[in-house]
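Accompanying notes for the structure given below.
FYI, it's all coordinate maths here, none of it is from the lab. Since the model is a prediction, treat every value here as computed from it, not as a measurement. Please note: Cβ atoms are built from the backbone with ideal geometry, for glycine as well, and neighbour counts cover all protein chains shown.
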Amino acid sequence: MPAERSQPSELSPQAAQRITDLIRQEALPPSYQANIETYLVPLASRVAAWQQALDRPLILGLNGAQGTGKSTVALFLQSLLNEAHDCPCARFSLDDIYLTRAEREGLAASIHPLLLTRGVPGTHDLLLGQQVIDGLLVDDPSHETPIPAFDKAIDDRVPKHEWPVFKGPARVILIEGWCLGAKPEHDPERLARPLNKLEKYEDQDGLWRQYVNDQLWGPYAWFVDQIDRLIMLKAPSMESVVRWRTLQEHKLAQKLGSAPEEGGKPVRKVMDPNELARFIMHYERITRRCLAEMPARADVVLEIDQDHQIKAQRLHDQLEGDWLR
């Protein structure tokens, strides 16, 4: 067993400065500092302790509906583990391993047109994700693991030579995703009943729903089975998810503007309100199911309030073994 690393009650000046820089970099409101101090600093200490107890790299899952702030929480957890706990943390998102546009066009042609839209189970390259995990586990300080990247504005994967690189082995591998750890629907009758207009009019025979559900039974269950601990960011309601996802799109529009890229690259595009409403319907079924049942089995639940702030934390440390099954 390695020597126990200290669990600081307060951040070092270097770690505190890094957090301040990240708040500024992410354009977060000053109130987010309270989230960090109250919830994320203790959570990082808990994650470091989990890893020490394993005496091997910890694979950590972070689930949260669209717009809950998963990427922001993951970013600060990574920084706190690196800076305050001497615990090298690598992170990637399911969003980073979307199938390419061409691959999803193939699924749309051969299985169902709705599979062109990224996001649902079946539109991720889980083999690529596994390659990333395997690379991060290589016990060689000189080993380099490329971390995939996806550009949502052009709806395609970033060229591999532009991917960031993580050097050496990670003690914590942090994977985040809106459907990470989601369970399949067990009731065929419930699955057959359309939940929204998208399912009613664009998936009348339920083929798309069945394909997505089958992915949760098979490849996604296999991928998630290796996760040691699960953290959930719990939104207050599906309505909040819709509102937050709309704000995300507005921010993307402000960031990108409307001008096309130079040099012959594709025009970057954001969704109008009707497109966004339809887009969110792709995720509604699994999101509602996660909101209803995942809090009872996640190791940590961070409850998000209507104002997008963490309002409470619930711990389920007694859960062990096959809690994700």
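Relative to the dominant Cα principal axis of the chain, helix 70-84 is inclined by about 20°.
For the chain, the number of Lys pairs separated by eight or more positions or lying on different chains, with C-alpha atoms closer than 23 Å, is 23. Phi-derived couplings, Karplus 6.51 cos²θ - 1.76 cosθ + 1.60 at θ = phi - 60°, listed residue by residue for region 181-188: x, 5, 9, x, 6, 8, 9, x Hz, with x used for Gly and Pro. Residues whose amide H lies under 5 Å from that of Asp156, counting only those 5 or more places away or on a different chain, are Asp151; hydrogens are built 1.01 Å from N in the peptide plane.
Converting phi to 3J(HN,Hα) with the Karplus coefficients 6.51, -1.76 and 1.60 and the offset θ = phi - 60°, region 17-27 yields 5, 4, 5, 4, 5, 5, 4, 5, 4, 8, 6 Hz in sequence order, with x at every glycine or proline.
Couplings for region 217-222, taken from phi via the Karplus curve 6.51 cos²θ - 1.76 cosθ + 1.60 with θ = phi - 60°, read 5, x, x, 6, 5, 4 Hz in order; Gly and Pro are left as x. Take every DSSP beta bridge whose two residues both sit in region 13-314; close to 35 percent of them are antiparallel.
Against the main long axis of the alpha-carbon atoms of the chain, helix 238-256 sits at an angle near 80°. For Tyr98, the amide hydrogen comes within under 5 Å of the amide hydrogens of Asp125, counting only partners 5 or more places away or on other chains and with H modelled in the peptide plane. Checking the a/c ratio against 1.5 first, then a/b against b/c, what shape does the Cα gyration tensor give for region 28-145? The shape class here is oblate. Taking amide H as placed 1.01 Å from N in the peptide plane, Leu180 has its amide H under 5 Å from the amide H of Gly64, each at least 5 places away in sequence or on another chain. Principal-axis analysis of the Cα atoms of the chain puts helix 101-110 at an angle of about 40° to the longest axis. Counting Lys and Arg as +1 and Asp and Glu as -1 over every other residue whose Cβ lies under 11 Å from the Cβ of Glu202, the net charge comes to +1.
Shown is the FRET efficiency for Val165 and Gln313, computed with R0 = 35 Å from the Cβ-Cβ distance and rounded to the nearest 0.05: 0.55. Taking a ≥ b ≥ c as the square roots of the Cα gyration tensor eigenvalues, with a/c under 1.5 meaning rounded and otherwise prolate when a/b beats b/c, else oblate, which class fits region 13-314? Cα axes put region 13-314 in the rounded bin.
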